Amino acid sequence: MSVSKVFAISGSLRAGSHNTHLLRAAQKFTPGDMEIEIFDGLREIPPYDRDLDTPEARPAVVNELRRRVHEADGLLIATPEYNYSVPGVLKNAIDWLSTDWSGTEGRPLSRKPAAIVGAAPANFGSVRAQLALRQVLAGTDTDVVVKPEVLVFRSHERFDEEGNLTDELSVSLLQDVLTALQGKIDADRARRLAV
């Protein structure tokens, strides 16, 4: 069995983001033959512009993001909750990843196995942001893990000062969602081999 390459995006730009820490925890608690690479260029992605959305006109950072998502076996997104929804920078990146106006590139998110996790200091964690993100990813035809849900609520109590995830239930749920993502990756590989 080959190693599964998972591309991870944190929807927060904050240096001490609990969502970025959650992705680092995913790297630490990864099941089996899975490697997780965390994207660090979200800040550089410009606002979506349909006039620039061609392979030749797109900013280099956008073409690089699209390439990396295309090449990944799966996607892991950690979203904070801003005003009951996903951060604009995350939605903007998804907009750049959702298109193929030329009909020649393929849409990077189409049928891509993906999992959503999230952390927030509120009592409900990022539940509303994750719901909003699921709706967006339904529109991009992304194959999202349904359960388990990883809603790290009161996140400031679940990470230590170095950013390590210390809550055992959150670690267990994170491992379970990664296992479910691996299952979707395996099914996607089998589907492509059968074509």
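The values are calculated or read from the model by the stated rules, or taken from the named source; none is laboratory data. Not measured: the values here are computed from a predicted model. When we count neighbours, we look across all protein chains shown, and the Cβ atoms used for this are built from the backbone with ideal geometry, even at glycine. These accessible areas exclude ligands, DNA and RNA; they are computed on the full protein's heavy atoms, side chains included. Shrake-Rupley method; radii C 1.70, N 1.55, O 1.52, S 1.80 Å.
Contact map, region 121-140: residues that are under 20 Å from His18 (Cβ atoms) and open to solvent by 70 Å² or more (accessible area, probe 1.4 Å) paired with residues that are among the acidic types (Asp, Glu) and in a helix (DSSP H, G or I), Cβ distance under 6 Å, separation 6+ or inter-chain. No pairs are found.
Conditions tested, residue by residue: (1) under 24 Å from Leu193 (Cβ atoms); (2) touching a Pro at 6+ places or on another chain (Cβ under 7 Å); (3) modelled with pLDDT of 95 or more.
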| residue | (1), (2), (3) |
| --- | --- |
| Ser12 | no, yes, yes |
| Gly16 | no, no, no |
| Thr20 | no, no, yes |
| Lys28 | no, no, yes |
| Glu44 | no, no, yes |
| Ala57 | no, no, yes |
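Restricting region 151-182 to residues that are over 20 Å from Phe124 (Cα atoms) and of a type in the set (Gly, Ala, Ser) leaves a set whose member that is surrounded by the most Cβ atoms within 10 Å (Cβ to Cβ) is Ala180.
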